[in-house]
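The values are calculated or read from the model by the stated rules, or taken from the named source; none is laboratory data. Bear in mind the structure is a predicted one, so any value in this text is a computation, not a measurement. We work out accessible area using only protein heavy atoms, side chains counted, and drop any ligands, DNA or RNA first. Shrake-Rupley method; radii C 1.70, N 1.55, O 1.52, S 1.80 Å.
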Amino acid sequence: MTIHLKDSADWQAIYAIYVEAFGQSAEADLVRNMQNDGDLLLSLTAYNDQPAGHIAYSHLRLHEIPSIKACVLAPLAVVPSFRQQGIGAQLVRHSLERLRNGGYDLVVVLGEPHYYGRFGFDPKLAEKLKTPYDGPYLQALALSDQGKGAHGPVSYARAFAELN
Ligand SMILES: CC(C)(COP(=O)(O)OP(=O)(O)OC[C@H]1O[C@@H](n2cnc3c(N)ncnc32)[C@H](O)[C@@H]1OP(=O)(O)O)[C@@H](O)C(=O)NCCC(=O)NCCS
């Protein structure tokens, strides 16, 4: 199977992916709101002959160490008919490489440790942060030595406040 990853703000594709994956539009709305607010820093769509998956990242501010360049991975989805074929992993690995090359120090995600652990995300590192999502599903990945020292309160992009 050939998968192409594209930097994309093709809303029709993004909307279709999230509605198919989650049965609702909240995650697609999150991406659009982040884009409208200027908080979307990476939006990648995986295509086969049709849109198969999407991943997005937004800015995260660390109040006590603003010099740490941090971001949030959310949302991520692969449509059901394309799952279990490594597309999710391709989206995560490719985007993390882009962020590392772009000088990012830290990535935070809320999700299943069984899934995100394979990419190096660790709940222990996230325990040092103070977020609205604290708990066992919050994980962090340091992309640099500076990222390993992340701690304290953070601010997510405004669009997250509209999710429930
Ligand atoms: C999670 C998701 C993006 C994975 O996409 P994918 O292309 O199937 O992923 P990959 O092929 O790279 O990896 C498949 C692995 O993910 C695991 N996985 C899938 N969904 C999972 C979940 N909700 N929790 C834990 N593990 C999950 C599978 O069990 C499989 O594990 P294995 O490699 O040990 O067999 C996709 O299943 C999805 O869109 N799910 C619904 C939306 C969602 O839950 N998104 C947020 C993720 S927290």
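The residues of segment 4-162 present an accessible area of 48 Å² per residue when probed at 1.4 Å with all protein chains retained. The DSSP beta bridges internal to segment 4-162 are antiparallel in roughly 80% of cases. Taking the alpha-carbon centroid of each part, what is the distance from segment 93-109 to segment 112-164 in angstrom? Here the two parts' Cα centres lie 13 Å apart.
For the chain, what is the calculated [θ] at 222 nm in deg cm²/dmol (nearest 500), taking -39500 (n - 2.57) for each run of four or more DSSP H residues and dividing by its residue count?
Working: 6 runs with 51 residues, N = 164.
Counting only the DSSP helices, I get -8500 deg cm²/dmol.
Shape analysis of the chain yields a ratio of the Cα radius of gyration to the Kirkwood radius, Rg/Rh, of 0.95.
Solvent-accessible area of Tyr15, all protein chains in place: 110 Å² (probe radius 1.4 Å, heavy atoms, ligands and nucleic acids excluded).
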